[in-house]
Amino acid sequence: MEAYSNLMQAILDGEFVFTGELEPEKTTNLEELVEGAKPLVGYAVACNVTDNPQSMAYMSSLVASYIVQRDAGMETIYQLRCSDRNRLALTADILGAAALGLRNVLALTGDHVSLGDNPGAKSVYDLDSALLTYMIRKMVDEGVDLAGRPIHEPPKLHVGVAVNPNADPLEAEIMKLKRKEVAGADFAQTQVIYTMEKVDSLFDAYSQYDIKIPTLIGIFPMKNYGVADYFDKNIPGVSVPKELLETLKKASEITDKKKRKEKYMEINLDYFEAFVREIKKSDARGVHVMAVGYEEMVRELIARVRGKA
Amino acid sequence: MICVIVVEQKPLEDILEMVKGYERMLVLGCDGCAGIYQVGGEKQAEMLSSLLRMGEKTVHNKENSKIEASAVLRQCDKEIVREALENTIGDYDVILSMACGAGVQTVAEVFPETPVLPAVNTKFIGMQDRELGDLHERCRACGDCILDETGGICPIARCAKSLLNGPCGGQVEGKCEVGGYEHDCAWILIYRKLKEFGKLDQFMKLRLMRDNRISQSPRDMKGGIKYTGGGGE
């Protein structure tokens, strides 16, 4: 298999990879995003750039991905949702992404638009994540669009997909992932998990269904108690371990701002360094660190895991 | 078990706004779907006409509006509509129909010189739950039935995203986040049913994209045998 991106090359080389996450918001200014990506260069191999997360109408992930690659020198994983685009728009965006030098795309179905900040919008779902994967595969491998029309100079990029180890029943989720593998996904990244129990049950299910997609485990160091609490309450099917949440709550009571920040760092590093070391022993091919706006933490975590590995 | 076109009466203030300027109105109920479910039948037409009489006085300060109520067996049947109204249609400036959108337009086609306005919103094709008296959407008339592949449970009508390859990440323990975890996730229902049937291989199959021309409006069925979508045959 030929690698078009640094991410895919690292996976093929058997490296344990780290990826980060960047979230463009409702703005035309990407300075913060670019500055957030810079410290991770040399640490994370690539960063996800989110596409209207939780169905919020934000700046285009295509444009943001391009600018991050251009101005921060950080490879991106361009997230692309089916919620907002039909197959024509998706085709157009994939061609555009390839022309701009993007080399990884994450094919997502996308949260329902009625849950976002423009809830009256029409939701599209002409395709879903499996069919978007199928479409991109056709474009890259066969040089044709979904209708079989030839593409002059086909795109070269890799398709990633999401999988949720928290899903209940897990078997239905794994079978869905199997469809995405059949459709031709190159890599997968998981929804946030906190325990090895989840990692192990995921890979047990992989072997049961003979799934071989290289998979990065999603982890979420939490910048402060507020973030942790919001995440615990609002993300479907995911809960922060009680003990960790309690420790963060205690830290939130520290009045000195600097000390509080240091305490949060310490708690996160304690928990996640140990967790990532355990993940490394599993079938996982890396870790996707979803700590938006917490790059000092992400960088330190990667440095520690690498340094002492 | 019956299926009906589910309608819901529009807010009274909207109806009053709609009929502003008319003097002689007929509130026309439909004893088909709308009547079976007691939203737009004869009784509801009478009730709405009383409310409108009050509204005309109190909101529009009009004392002389003539507002009458009647109903026909099925407003979607041209012959029934013609026979019921041909002698009296001239008595009214406007018909306020309590039938589904098909009924409203049938009446309008039969009497092209009289404006026919909708007093209800047409919601969906409903399947009745006899015990609770509820109506549920089970078919979207999508034009390409895949119930054979999905354990008899329709993901087009019952999945908030109409996914062909669900479930998505928005289900928790079989409930859908859209609507606040009240509805079952269609794809978890499908998974359970196919598991029961020993057909999980069918669940795992990648279902390819739809040809949306099949359900492209406007759709026709000619002579009862020849179907055409708006996108061609």
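Observations on the structure shown:
- Pairs beyond 19 Å (Cα-Cα), from A:Lys233/B:Lys193; A:Lys180/B:Lys205; B:Lys78/B:Lys222; A:Lys223/A:Lys257: A:Lys233/B:Lys193
- Converting the Cα gyration tensor eigenvalues of segment A:64-187 into ellipsoid dimensions via √(5λ) gives semi-axes, longest first, of 23, 18, 16 Å.
- DSSP-defined antiparallel bridges as percent of all bridges, segment A:6-307, nearest 5: 5
- Distance from the C-alpha centroid of segment B:97-146 to that of segment A:28-59: 47 Å, rounded to the whole angstrom.
- Here segment A:168-309 is assigned +1 on the Cβ of each Lys and Arg and -1 on the Cβ of each Asp and Glu. Its dipole about the Cα centre then comes out at about 500 debye.
- Enclosing the Cα atoms of chain B in their convex hull gives a volume equal to 164 cubic angstrom per residue.
- Cα long-axis angle, helix A:257-281 against chain A (0 to 90 degrees, to the nearest 10): 60
- Taking the Cα centre of the protein assembly as shown as reference, the dipole from Cβ charges on Lys and Arg (+1) and Asp and Glu (-1) amounts to some 820 debye.
- Only aspartates and glutamates eight or more places from A:Lys178 in sequence, or on another chain, were considered; those with a Cα closer than 19 Å are A:Asp128, A:Asp168, A:Asp186, A:Asp200, A:Asp204, A:Asp210, A:Asp283, B:Glu149, B:Asp201.
- Two-decimal log10 I(q)/I(0) for segment B:144-208, as the Debye equation yields it once each C-alpha is a single scatterer, q = 0.15, 0.29 Å⁻¹: -0.40, -1.34
- Likely footprinting exposure, A:Lys122, A:Lys138, fewest C-beta neighbours within 10 Å first: A:Lys122, A:Lys138
- Above-threshold pairs, the threshold being 27 Å between Cα atoms, out of A:Lys122/A:Lys242; B:Lys43/B:Lys66; A:Lys212/B:Lys195; B:Lys10/B:Lys226: A:Lys122/A:Lys242; B:Lys10/B:Lys226
- 0 to 90° range, to nearest 10: angle between helix A:196-208 axis and chain A longest Cα axis: 30
- Counting DSSP beta bridges with both ends in the protein assembly as shown, the antiparallel % (nearest 5): 30
- In terms of surrounding Cβ atoms within a 10 Å radius of their Cβ, B:Cys142, B:Cys30, B:Cys76, B:Cys159 rank from fewest to most as B:Cys142, B:Cys76, B:Cys159, B:Cys30.
- Spread over its residues, the convex hull of the C-alpha atoms of the protein assembly as shown is 203 Å³ per residue.
- Antiparallel content of DSSP bridges confined to chain B, in %, to 5: 55
- Long-range amide H partners of A:Ala188 with built H, under 5 Å: A:Val161, A:Thr215, A:Leu216
- Cubic angstrom per residue, convex hull over Cα atoms of segment A:6-307: 134
- Proximal aspartates and glutamates to A:Lys26, defined as alpha-carbon separation beneath 19 angstrom and excluding residues fewer than eight positions away on the same chain: A:Glu35, A:Asp51, A:Asp84, A:Asp111, A:Asp117
- Taking the longest Cα principal axis of chain A as reference, the axis of helix A:225-234 is set at about 50 degrees.
- Nearest-0.05 FRET efficiency for B:Lys123 and A:Glu153, computed from C-beta distance (R0 51 Å): 0.60
- Distance from the C-alpha centroid of segment A:171-240 to that of segment A:244-304: 18 Å, rounded to the whole angstrom.
- For A:Lys38, a cut-off of 17 angstrom between C-alpha atoms picks up these aspartates and glutamates, skipping any fewer than 8 places away in its own chain: A:Glu21, A:Glu23, A:Asp71, A:Glu75, A:Glu295, A:Glu296, A:Glu300.
- Each listed q (0.14, 0.18, 0.20 Å⁻¹) maps to a log10 I(q)/I(0) for segment B:3-124 from the Debye sum over equal C-alpha point scatterers, namely -0.50, -0.84, -1.04.
- For chain A, size of Cβ-based charge dipole, Lys and Arg +1, Asp and Glu -1, in debye: 220
- Between the amide H of B:Gly40 and those of B:Gly35, distances stay under 5 Å, these residues lying 5 or more places away or on another chain, with hydrogens modeled in the peptide plane.
- Look at A:Thr109, A:Thr247 and count the other Cβ atoms within 10 Å of each Cβ; fewest to most, that gives A:Thr247, A:Thr109.
- Amide H partners (placed H, <5 Å) of A:Phe18, local residues excluded: A:Val45, A:Val287
Every number in this text was worked out from the coordinates using simple rules, so none of it is lab data. These numbers come from a predicted model, not from an experiment. In this analysis, Cβ positions are derived from the backbone assuming ideal geometry, glycine residues included, and neighbour counts consider all displayed protein chains.
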